[in-house]
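Below you'll find the structure, written out as structure tokens, and then a few comments.
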Amino acid sequence: MSRSNAKKTGADPILDALNEPQREAVINMKGPSLILAGAGSGKTKALTHRIAYMISRDVEPWQILAVTFTNKAAAEMKERIKNLLEITQGTENVPFGERAGRMPVMGTFHSICARILRRDIDKLGRDRNFIIYDTDDQEKLMKEVLREMHIDEKELKPRAVLGYIGRFKSEAISPKAAQPQATTARMHHVITAYVRYQNALKAANALDFDDIILETVRLFQEVPAVLDRYQETWRFLHVDEYQDTNHAQYLFISLLAQKYRNLCVIGDPDQSIYAFRGADIRNIMEFEHEYPDAVRIKLEQNYRSTQVVLTAANGVIKANPNRPEKEMWSSRKEGPNVIIQEVRDERGEASEAVKAAEQLKSEGIPFNEQVILYRTNAQSRLFEEACMRRGVPYRIVGGVKFYARKEVKDVMAYLHVFLNPLDTVALLRIINVPSRKIGQTSIGHLQAYASAQRTSLWNTLKATDDIPELNGGVKERMKNFCALIERFADMTRTHTVSLLMQRLLEDVGMERWLKDDSEEGEDRWQNVQELLSVTHKYDHLDPLTSLTSFLEEVALVSEVDKLTDVKDDALTLMTLHLCKGLEFEHVMVTGCEEGIFPHASSAFEKEQLEEERRLMYVGMTRAKTHLRLLLARSRMLYGETHTNAPSRFLDDLPPQVIERRSDELLSAFAWATESGRMKAATMTSKGKWKVEPYRQQEVAIEFNQDTVGEDVNQDAFGEGTRVCHPAFGEGKIVRKSGDVVTILFDSGKRKDFALSIAPLTIVG
């Protein structure tokens, strides 16, 4: 329908498809707005219709910025807005038609900030052709930093240091500002490493993920003219998932919004689950304190789930204090009850979950519409085994990512070096890939010379004649390698990234080297071919832009972004933290036991326990129709079988919407009545569990960032580390094997613990 026809009929495609709160969110275009959007409440619809409405009301598309948390969300919003504008634009209104043909800027914080830095980072004295280091690159660089500091990895792991640095950066704390926190020898090492790490990044003309945001904030703060230009450009700001923003992201948005204050944030405090990444729930909770004139709108109608699922989820989340009052409801009143399924042990749990998926598959629900969710990655193995035993196809989200595969990263490292030969991490990766007979001893001589001369590895490679420790053959091979890099660096100006990669693979003999006459080799070569196919997406750009755009997009890609691109019918296995933003017909939340979910690391910290409850709420509200919560009466943990109390979250489920099942008749009966459940709950741990009620009052224990959880770095817990356990007191780790540590306590007791769930804190 054209815009002119829409006017004649009185229909408005932008507004007519909305419910009343959504409509209110759309038409309040100016000033600050807070949209509290519950799970499945159509917030993407409200946001896209709002932006389309603005453009239809003569706001220029280039004046609108929308920040999302995934590339997938940004792409979906662009497509929806484009379709809406095509419907509403009229042929008689040419200026509107031109505006509708242009799109607002939409993307993730990282992609938008990277775009700003590509244009303006030179104002900070940095090179615009910077590269972006992923987590693997960061770890390699940190290993070099610690090596130069003469710190043994057993004393301080690279990943542990990077964990601290990530915390600092999410809070926008610079190395200089972090100095007062160097109150222990360990923290002194961490902050010294932070300083050196930042210097090494700069020397390599590289940024890590956190730097992309921080450098943009610094640019705005130190170069007011640049900030003013972007404030004038983006006068209408939208931020999706605002509850997941950290302090650095908050600063970025606040600076942009200062001038015109047309800031619309949309999110749900009940779905704030990323504190371990630095997300600060206060950003959304205190929005109205910062903007007292903000319009507040609640989206409470859920379009995803049945009322049964929502009643159950509402029951769980209501127990959290100080949350904005919000009651999700659905017009889908009928649906199967939520099943609480108790099984004997963790193997029974995996078996029952897969059987349940097969049963619904036989009833017409494909595996693609079903998911098994778990609190920690360590739980995935048994579900994988159960799928394999029963021949059920499955995919693990968050496993080995395509772009993290060695052969893919090797090719990517070549492209990084062609763009920036000062990238030491990438150079070290490819100097002997494929094999050039340049061994670790020779590389060690290079690094020693570079350190002594205070120069880059690339400059050292070009000065091999000055290094007497290298023999003539090695020097010649290094010179040939340098010539290869320089030749391809020149080609970046004339060859698109696809042509560049094709020539590279041929010139270095990558196919022959990867295949090595094995089935695994064939798979490796196919992965590289798949990478080559991705590069063709950038063929329409000029050569240098095609290379930088490809490297940037790969660096910022998300595993969840790719989930919906998978076409084969397979059961999804993933952690609860990865499931936000997704939906399935059938959701199974596993490990619903104390110490598993809620995680043991949250036992002594009120805020962490509240976040665990929000995580349960997020998991439950992924379900459209079928929701199953599984728990085991006993579970094998660090080599011993333990009985665990049922998760306290199960106590808050309204009895009218749940169905209890158990493979043990007596247990099922005990759970079926309040008196029976209470009797079971007070039995000794000899054969049963003891349930401790959820306490809302504040527990006066200081938050310790060394508390171990799935998402907190476990590498800090090495042999010799002094730790404290709430029940056994202080002791020392005397042995570590994978996830399991043996602790000799000061009391003389010796016990094994699994780091993924044990409530251990580092002492001193």
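The values are calculated or read from the model by the stated rules, or taken from the named source; none is laboratory data. Small disclaimer: the values here were computed from a predicted structure and weren't measured. Neighbour counts run over all protein chains shown; Cβ positions are idealised from the backbone, glycine included. The accessibility values were calculated without ligands, DNA or RNA, using every heavy atom of the protein model including side chains. Shrake-Rupley method; radii C 1.70, N 1.55, O 1.52, S 1.80 Å.
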Exercise for review: On the full set of protein chains, 1.4 Å probe, figure out the accessible area of Trp513 and give it in Å² to the nearest 10.
Suggested key: 90 Å²
Point to revise | Calculated FRET efficiency for the pair Glu659/Asp569, C-beta based, R₀ 25 Å, to 0.05 | key: 0.35
**Study point:** Spin-label pair Glu222/Ala185, simplified geometry with 7 Å Cα→Cβ offset, distance in nm
**Key:** 3.5 nm
Review point. Applying the Karplus parametrisation 6.51 cos²θ - 1.76 cosθ + 1.60 with θ = phi - 60° to the phi angles of segment 36-41, what ³J(HN,Hα) value in whole Hz is obtained for each residue in order, glycine and proline being reported as x?
Key: 8, 10, x, 4, x, 8
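Using unit Cβ charges (K, R positive; D, E negative) and no other charged atoms, how large, in debye to the nearest 20, is the dipole of the chain about its Cα centre? Write out the running numbers ahead of the final one.
Details: 103 positive and 111 negative charges, 89 e Å.
The calculated dipole for the chain is roughly 420 debye.
Placing unit charges on C-beta atoms (Lys and Arg positive, Asp and Glu negative, everything else neutral), compute the dipole magnitude of segment 397-537 about its Cα centre in debye, rounded to 20. List each step's numbers first, then the result.
Working: 19 positive and 19 negative charges, 85 e Å.
In debye, rounded to 20, segment 397-537 gives about 400.
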Point to revise | Sum of -39500 (n - 2.57) over DSSP H runs of 4+, divided by residues of the chain (222 nm, nearest 500) | key: -13500 deg cm²/dmol
Review point. For segment 197-295, what is the convex hull volume of its Cα atoms per residue in Å³?
Key: 112 Å³
Review point. In nanometres, what is the gap between the two model label sites at Glu363 and Asp58, each 7 Å from Cα along Cα-to-Cβ?
Key: 5.6 nm
Point to revise | Leading residue at positive end of dipole, segment 245-312 (Cβ point charges), from Ile266, Asn283, Val308 | key: Ile266
Check your understanding: How large is ³J(HN,Hα), in whole Hz, for each residue of segment 605-615 in order, when computed from phi with the Karplus curve 6.51 cos²θ - 1.76 cosθ + 1.60 and θ = phi - 60°, using x for Gly and Pro?
Key -> 9, 4, 5, 5, 5, 5, 5, 4, 5, 5, 5
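First compute the accessible area of the chain with a 1.4 Å probe, then give the percent of it belonging to carbon and sulfur atoms. Each step should come with its number before you reach the end.
Values: 16460 of 32980 Å².
The nonpolar share, carbon plus sulfur, comes to 50 percent.
Using the heavy atoms of the protein chains alone and a 1.4 angstrom probe, what is the accessible area of the chain per residue in square angstrom?
Details: 32980 Å² over 764 residues.
I get 43 Å² per residue for the chain.
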Exercise for review: Determine ³J(HN,Hα), in whole Hz, for all residues of segment 367-374 in sequence, where each value follows from phi through the Karplus function 6.51 cos²θ - 1.76 cosθ + 1.60 and θ = phi - 60°; x replaces Gly and Pro.
Suggested key: 4, 4, 9, 10, 9, 10, 10, 9
Study note, to complete from the structure: Scaled by the rule-of-thumb 2.2 N^0.38 Å, the alpha carbon Rg for the chain gives a ratio of 1.02
Review point. Taking N as the number of residues in segment 153-255, what value does Rg over Cα atoms divided by 2.2 N^0.38 Å take?
Key: 1.24
Review point. In nm, what is the difference between 0.36 nm times the number of residues separating Glu290 and Arg102 and their Cα-Cα distance?
Key: 64.4 nm
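Sort Arg635, Arg323 by heavy-atom solvent-accessible area, probe 1.4 angstrom, most to least.
Details: Arg635 15, Arg323 40 Å².
Ranked from most to least accessible, the order is Arg323, Arg635.
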Revision key, fill the gap. Log entry: pair-distance distribution for segment 109-198, C-alpha pairs binned every 10 Å from zero, whole % per bin is 15, 42, 32, 11, 0
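If you add up the charges near Gln243, with Lys and Arg at +1 and Asp and Glu at -1, over every other residue whose beta carbon is less than 12 angstrom from its beta carbon, what do you get? Let's see the in-between values first.
Details: positive: Lys43, Arg282, Arg323, Lys580, Arg614; negative: Asp240, Glu241, Asp244, Asp268, Asp270, Asp280, Glu286, Glu611.
Net charge in that neighbourhood comes out at -3.
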Point to revise | Share, in percent, of DSSP beta bridges within the chain that are antiparallel, nearest 5 | key: 30 percent
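Computed from the mean reciprocal separation of all distinct C-alpha pairs, what Kirkwood hydrodynamic radius does segment 326-457 have, in Å? Intermediate values should be presented prior to the final figure.
Values: mean 1/r = 0.0497 Å⁻¹.
Computed over Cα pairs of segment 326-457, the Kirkwood hydrodynamic radius comes out at 20.1 Å.
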Practice item. Search the structure for amide H atoms under 5 Å from the amide H of Leu207, placed 1.01 Å from N in the peptide plane, and list their residues when 5 or more places away or on another chain. Key: Ile131, Ile132, Tyr133
Study note, to complete from the structure: With all protein chains present and a 1.4 Å probe, the order of Met187, Met574 from largest accessible area down is Met187, Met574
Check your understanding: Once amide H atoms are built 1.01 Å from N in the peptide plane, which residues 5 or more positions from Lys318, or in another chain, come under 5 Å H to H?
Key -> none
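Treat segment 376-516 as a sphere of radius equal to its Kirkwood radius over Cα pairs and apply Stokes-Einstein at 4 °C in a medium of 1.567 mPa s; give the translational diffusion coefficient in µm²/s, rounded to a whole number. List each step's numbers first, then the result.
Values: Rh = 17.5 Å.
So the translational diffusion coefficient is about 74 µm²/s.
Based on the Kirkwood radius over alpha-carbon pairs, what is the Stokes-Einstein translational diffusion coefficient of segment 432-491 at 10 °C with 1.306 mPa s viscosity, in µm²/s?
Working: Rh = 11.8 Å.
Diffusion coefficient, whole number: 134 µm²/s.
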Check your understanding: Counting only residues 5 or more places away or on other chains, whose amide H sits under 5 Å from the amide H of Thr575 once H atoms are built in the peptide plane?
Key -> Tyr374
